[in-house]
Structures are given as C-alpha cells and as structure tokens.
1. Would you mention how many residues in the range 157-194 are touching a strand residue (DSSP E or B) at 6+ places or on another chain (Cβ under 6 Å), at pLDDT below 95 and surrounded by fewer than 19 Cβ atoms within 10 Å (Cβ to Cβ)?
2. When you go through TRP326, TRP286 one by one, which is the residue that is open to solvent by 10 Å² or more (accessible area, probe 1.4 Å) and in a loop (DSSP other than H, G, I, E, B)?
3. Pairs, please: C-beta under 7 Å, at least 6 apart or cross-chain, first residue under 23 Å from ASP127 (Cα atoms) and in the range 60-85, second of a type in the set (Phe, Trp, Tyr) and open to solvent by less than 50 Å² (accessible area, probe 1.4 Å)?
4. What is the one condition in (1) touching a strand residue (DSSP E or B) at 6+ places or on another chain (Cβ under 6 Å); (2) buried (at least 19 other Cβ atoms within 10 Å of the Cβ); (3) not polar (S, T, N, Q) that VAL306 does not satisfy?
5. Among the residues of the range 51-84, which ones are modelled with pLDDT of 90 or more, open to solvent by 60 Å² or more (accessible area, probe 1.4 Å), not in a strand (DSSP E or B) and not aliphatic (A, V, I, L, M)?
6. Does the range 19-36 hold any residues that are under 29 Å from ASP125 (Cβ atoms) and either over 40 Å from the mean Cα position of the chain (by Cα) or modelled with pLDDT of 95 or more (or both), and which are they?
7. In the range 215-254, which strands (runs of 3 or more DSSP E) lie fully inside it and hold 3 or more residues that are open to solvent by 20 Å² or more (accessible area, probe 1.4 Å)?
8. Which members of the range 262-283 meet the condition of being open to solvent by 20 Å² or more (accessible area, probe 1.4 Å) and of a type in the set (Val, Ile, Thr)?
Amino acid sequence: MKNIYKILIAFIGVLAVSCNADAVDERPVLDSVTIPEITAPATGQTYVLDVEKAQEEAVKITWSAAEYSTDVVIKYTLLIDKKGGDFTAAKTLAATTNLTEASILAKDLNQAAIDLGGKPEVAADYDVKIASNVSGGFVQVGKGLISITVTPYVGKVPYEFNDWYLVGDATVSGWDNNKGNQILFRSATNANEYKFTGFFKAGAFKAIKNLGSWAPMYGGSGGSLAYRATDGDADPASFVIAADGYYTFKMDVQKLTYTLEPYAGGAGAATYTTVGIIGSATAKGWDASTAMVKSSFNAHIWTLGVTSLNDGEMKFRANDAWDVSWGGKTAFSGGGTGDNIPVAKSKYLIYFNDLDGSYLMIPNQ
C-alpha cells in the first residue's frame, strides 16, 4: 500500500512539472517591433539660453512610439551627451511613460549642458537620442540621434548656508513673519554664528529661518538658545529688549548660545545720505555706485533687491565717494576689512550694515 502511495505522489509531481513547463512554453515572447526615433526638432538647431527665461520651455522634443510584440507599458528616456559621446555618461533630459513628447525647460537644458562640460556663454554641440524600455528591461535605443548647439548661461551659484530673520515688536517687522524682516548677518569664518548690530524698540523678538513660517525658530533666555523645529513643538521664550536703543545680538546655532548687549556706538554714529555698491562685478563697474535703499526704521541698514552681478569684485561706499568705504575678503558674507569682495556671476539679494561693515549677499538665480 505504501508503494502505491509513493507511485501516486511521484506521478502527480511529474504532472505538475509538465504543466509548469507547458505554461512557460505558452507565455508570450516579448520582442521589439518598432524602434523609437526623434521626429522633432530637426537636427542642427541652435539654442542660446537666457537666465531671464529659465523657467520657460527651451524646446519640445517628440519621437515616434516604440512597439513591442504585445501590449505593454513603455517608458521613454530622453538622453543628451556631448557631441560624439558614447552616452555612457549621458544626462537625462526627461523621462515619460507612454508619452512620446517632452517639453524641456531652459534651466534643465542649461544644467545638462553645464554638467557635460559646457562653458557659460560659449556655444557647444551635443547629441540627443531617445531610448525605451519595459519594466526596466527590453531596452530599445532609438534609431539615430539629433545634434543641437547649446549656449548655456551661468548656473546657479552654490549657496549651502542657512539664513535667519528677526521677528517681534522690537524689530522693524513687528510680529509679522513676512514683512521686510531684518536678516541676521552670518560670520565669514563660522557658518553657525550670526550677528546683528542695530536699533531695537523696547519689546521682544525671536529668530525664524523661513519668511512666512513660525518654524524653525530660535528663542531663549539666560544666554541659552531654545530651538523650535516644527509648529508642533513648544514655543520658545522671546529675547527681551528693555528700552529703545542700539544693541548687538549674537547667536551660535551649534553651541546653542546667545548674547544681547547694548551697543554704545550706535546713537552717535555717522549717518550717510547714500550707500552703494561699486566694482567690476557691478553694472557700472568702478566708475559709479549702484545705490542701495536705506531702512526707515534703522538709518544704518541698507538693502538692494534682486540685482545682477558679474564675475569680479565689489565694495560698499558712502555718498558716492571714496572717503568712506567698506569691503571684505569672503563671498556671500563678511565685513570689517578694506579688501575687495569676490563675486561670482549671479543675481543677488544684498544686505549691508554701515555700523560694523557687515554684508550678506544671497544668490537668487
């Protein structure tokens, strides 16, 4: 009897293997039928990219649909490489599913050209092709490719810093967290240290990272900073100003410490009719200043809205003359020296404090 059971089990096993093999044999074989091909634009087009149109479409690229021997979801990848490249280091311009066209923004084409070794404001040739695949396999590289010429603009200047703003009834913006809030000036040598020397009204204030948001935030008491990471966290204590006057506020976000001290030189400090930027990086070169805007709350604070600067150097000076000027040795932030400030081409928001020469330049491209 046991032998009969063994024979039956073996027979069932053979049937199962046979059925599975038959099922495999009956599965449809996926073959490529039609290879995709770029249909527009025509090869040989030229694109001179403009930073003022970074968010606009630079080119729409279309291609013929790939076909396989059965209905499947097809993924397309639009690739760009330097002229004559083998596409092993190609950059992806777009990726779609079943769609056979893609609008390429100027900023994306610009960055791809820069990443492939393109030089800003210098025309260079690139190859573009389309590839298709099904679930990561069955890759079809499109027939042929098109060649284009691209003149990129200067890419965004890397700016890996955090900025902090004052908010509170002791400050220019009151308790409005998005109304011309006073920015803190960052140390040139330690990105964790921030300072502001200037006028405060009697009242209180805190520091916020993002305009329009109440978190992240710093408050504190007794020289210790208190950090509020999210809106769900406890609201920290405010820094307190006992009487109207000039003060220096410093905070170290790594050590979580702060100081708040009266600034004796504020009340009698010289005030200026104008303060402007000047230098080879500015629109007027070294011949004339570009005027900044004086704060109506604090006569020593100056700002300049989004401003185009070139590769070069610049300084701050008062009253369109060289009697009083300020500089620094470091890009983005610094002050307190007579050196020319190094500048990389971009658009900047610029802040300046004539009490201590502190400046902050935030690339905004």
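1. Here the count works out to 1.
2. The unique qualifying residue is TRP286.
3. Matching pairs, first to second residue: LEU79/PHE87; ILE80/TYR126; ASP81/PHE87; ASP81/TYR126; LYS82/TYR126; LYS83/TYR126.
4. So the condition that VAL306 fails would be (2).
5. GLU56, LYS83, GLY84, listed by residue number.
6. Correct list: THR34 only.
7. 224-228, 245-252
8. Passing the criteria: THR271, THR273, THR274.
The values are calculated or read from the model by the stated rules, or taken from the named source; none is laboratory data. The model shown is predicted, which means the values in this text are computed figures rather than measured ones. Note that each Cβ is placed from the backbone with ideal geometry, even for glycine, and that neighbours are counted across all protein chains shown. The protein model used for the area step is the full one, side chains on, heavy atoms only, and it has no ligands, DNA or RNA in it. Shrake-Rupley method; radii C 1.70, N 1.55, O 1.52, S 1.80 Å.
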